[in-house]
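To keep things clear, I will list the structure first and then write my remarks on it.
Bear in mind that the values in this text are calculations on the coordinates, not laboratory data. Treat the numbers as computed from the prediction; the structure is a model and nothing was measured. Reconstructed Cβ throughout: ideal geometry from the backbone, glycine too, with neighbour counts over all protein chains shown.
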Amino acid sequence: MSTSAVLRRTALYESHKSLGGKIVDFHGWELPVQFESIIKEHEATRRRCGLFDVSHMGQVFVTGPGALAFLQKVNANDIARIGPGKAIYSHLPNERGGVVDDVIVSCLAQGRYLVVVNAATADKDFAWFQKHARGFDVALENKSDHFGMIAAQGPRAAEVTALIAPAAFSLPRFGALELELYGQPSFITRTGYTGEDGFEFIVPNEIVVRVWEDLLAQGRSLGAQPCGLGARDTLRLEAGYLLYGQDLDDNITTYEANYGWVVKLEKGDFIGKDALKKQRTEGILRKLTGVKLLERGVPRAGASVLVDGREAGKFCSATYSPSLQSGIGTGYLDRPDLAPGTKASVVLHGREIPAEIVKTPFYLSSNLKKGDL
Amino acid sequence: MLDPKKLKYLKSHEWLDMNGDAGTVGISDHAQKEITDVVFIEPPKVGRQVKQGEACCVVESVKAAFDIYAPVSGEIVAVNADAVKDPALVNTEAFGKGWLFKLKASSPGEASKLMDHAAYEEFLKAEAAHGSH
């Protein structure tokens, strides 16, 4: 990306400024990293309800009689498992089994799907879809510039969401609802990236500010508060979620990312299937592995992880975990055999800090079941 | 809490409170807001000799690690055990309970090279204008 590129703003930019949001450049978007404190916002989400502006994310609509067949071809997960009103997390593999993007696909109706893609990859994904849509009776629409997105996350998110969208209250986990909000065609899914129960509003830009301000104002008594990208990152890392571009890219496979459950080899043909099948048979040489520091220290991406006295890999994501009150990180270690509890160390400021291999997610909310992603 | 107007400042945002040859060091309120939640402090060892401008302490926030530079030369005589135990004190009271270490200055006159409060405020304004936000 060019450093001279003009930064993009979401429809909520002015609202963030007026709430004291500390604005940073996030993959070309001006977004708040925090409003008050990363830790306070993290805890507010774990205990009550955090509201996040995720309008930078993209929306691609896939419609037509061939929509399902097309989505089956470009996804590693089995899109036939979701009917109208349901959503599913998936990876878009390339021919080598590397990952073009990680996405959430919602089935709105038979032959009509919404794919939520990452901000930095939205154009790449759309070009990828167009390239592979040939021969399918399907229409593709990139509506990323038309929609904004707000996430309400936390144990009280259902109550907060119901304040302006009562029908969303009874959505099941990974449910998807198409509705009118303030007279505008909108979508709500019971999804999120924090490891808590939560909802994502996908609404036209014209009403994003209204949705945001009404959720804040009406949700305040329930503990809703605005949260920035800083808390989003600590929450998602605790929950074991991947950040595309940092933990995952075109040269890393879903198996290496330790997300093998996403790959459904039995579902029929799809891009990358042969490469993934081969890797499942032959095994992987590196695996995204969770590491927890046993002494004080804050690890960062790039820090070396040592096992048996040699570097086994580097952290691709690492932070201080507010929930565990210790340093945590994930990295591709060249020792896929390592069992949880294995001793390791992490190099910080030239010193080796004792650590151990742990299972991810680092933190599992009592409000979610393990299968809820 | 100390009066920020009576302190000396470094461009790297440390403050120094000097009484004779006794100096107390912390980071400014502006700095704590910039670096966000402090979660870890690696203090200097008591008895260590430091030179003016030498990195001698690390303050880590959720976001990044920051070196803290000695505002004047001297010997480290105390570190703030309360802040080491509860690093959030740096955020809640940067000019008070969130102090980092004390030193016995070997040449207290070095403090005259530092910015006073008015100069630091000007420096912050210039820095803000220079930055993109």
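Taking other Cβ atoms within 10 Å as a rough exposure proxy, B:S12, A:S90 sort from fewest to most as B:S12, A:S90.
If you take the square roots of the eigenvalues of the alpha-carbon gyration tensor of chain A and sort them as a ≥ b ≥ c, do you get rounded (a/c under 1.5), prolate (a/b over b/c) or oblate? Oblate shape, in that a/c is at least 1.5 and b/c is the bigger or equal ratio.
Given the options A:N205, A:L276, A:Y320, identify the residue whose Cα lies farthest towards the positive end of the charge dipole of the protein assembly as shown (+1 on Cβ of Lys, Arg; -1 on Cβ of Asp, Glu). My answer, from the dipole projection, is A:L276. Each Cα pair under 8 Å and six or more residues apart adds its separation to the average, and for the stretch A:312-373 the resulting relative contact order is 23 percent.
Just check the stretch A:87-166 against the gyration tensor rule for me: Cα atoms, a ≥ b ≥ c as the square roots of the eigenvalues, rounded for a/c under 1.5, and otherwise prolate or oblate depending on whether a/b exceeds b/c. Verdict is prolate for the stretch A:87-166. Modelled label positions at B:S12 and A:A69, each set 7 Å beyond Cα in the direction of Cβ, lie 6.5 nm from each other. Sorting B:M18, A:M149, B:M1 from the fewest to the most surrounding beta carbons within 10 angstrom yields B:M1, B:M18, A:M149.
With the contact rule set at Cα under 8 Å and sequence spacing of 6 or more, what percent relative contact order holds for chain A? Relative contact order of chain A: 18 percent. Protection proxy ranking for B:98-106, A:265-273, using the average of other Cβ atoms within 10 Å per residue and placing the highest first: B:98-106, A:265-273.
With unit charges on the beta carbons (Lys and Arg positive, Asp and Glu negative) and the dipole taken about the Cα centre of the stretch A:1-156, which residue among A:Q110, A:H56, A:F35 sits farthest to the positive side? After comparing all options, I get A:Q110. Averaged over peptide A:317-323, the number of partner chain Cβ atoms lying within 10 Å of each residue's Cβ comes to 2.
Partner shielding of A:295-304 amounts to 3, given as the average count of beta-carbon atoms from other chains within 10 Å of each residue beta-carbon. Helices in chain A, meaning DSSP H runs of at least 4 residues, each add -39500 (n - 2.57). Divided by all residues, the mean residue ellipticity at 222 nm is -6000 deg cm²/dmol. Taking label points 7 Å from Cα along the Cα-to-Cβ direction, A:L19 and A:A167 give a separation of 2.6 nm.
Inter-chain neighbour count for A:33-42: the average number of beta-carbon atoms from partner chains within 10 Å of each residue's beta-carbon is 4.
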